[in-house]
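Everything below concerns the one structure shown next.
Every read-out reported here was derived from the displayed coordinates using simple, explicitly stated rules and does not represent laboratory data. This one's a predicted model, so the numbers in the text were calculated from it and none came from an experiment. Positions of Cβ are backbone-derived with ideal geometry, glycine not excepted, and every protein chain shown enters the neighbour counts.
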Amino acid sequence: MKYILPIIIFIFGVNLISCAGNQELLAAKQSEVDSLIILTNELKGQIQDLDKLKTELAVLRGQDAELQQALKKLSEIEDVEVEDNRTMITNDLLFQSGSFQISRKGKEILNNIWSVLEEHPERQILIVGHTDDMPIGAEFKAAYKSNWDLSTWRALAVLHYIKELPNANPERLTVGGYGPNLPIAENDDAAGRSKNRRVEIVLGQVII
């Protein structure tokens, strides 16, 4: 009998240790489960974000295809040149020397351009004027302080003409003038200077 009590105490102690071990094991497993739940929720969020990105990418691809189609149509218009998303018309076709009054020929060109642009009423339109690097002639000094002024006035003239055309929305029109600061050709000869004297009509982003 004297050995029974120690044996009972030993077995009880083993059971206690075993129970404590099981509790630790359960706690460890629960921690793993909790981590898996957190990871699963994070993965669900990432999958939702990925689906959203796929949708946005599909929209952007559609918009890019539509833009490329518009630029192709613009490139087919006589007397205009298209580079990237810019439709360029030389000032010699739009204006008399030193003037910002649009010529009859210029109006015809702008009408043809607008026939394409009005098919895309959701897009912004930026109108930008440029000049060569030749100083303003003395006879025009009273009207323009610099080529920067001249380029801006010419861009504004195009804007004012376009905003009166059918289906034009002034809210989508923006204007700017860069003077001689963004040439696309050398100003060393008449041909280069002629290219630099231009108005660009940029078909921009979709208005959200």
Requested in this report: Within 10 Å of each residue's Cβ, count the other Cβ atoms and sort Ile127, Ile89, Ile37 from fewest upward.
Outcome: Ile37, Ile89, Ile127
Query raised in the report: If you take every DSSP beta bridge whose two residues both sit in segment 58-208, what share of them, in percent to the nearest 5, is antiparallel?
Result: 75 percent
Query raised in the report: What order do you get for 128-140, 186-198 when each peptide is scored by the mean count of other beta carbon atoms within 10 Å, highest first?
Result: 128-140, 186-198
Query raised in the report: Among all the aspartates and glutamates, which ones have a C-alpha under 15 Å from Lys107's C-alpha, if same-chain residues fewer than 8 places away are not counted?
Result: Glu78, Asp79, Asp92, Glu164, Glu200
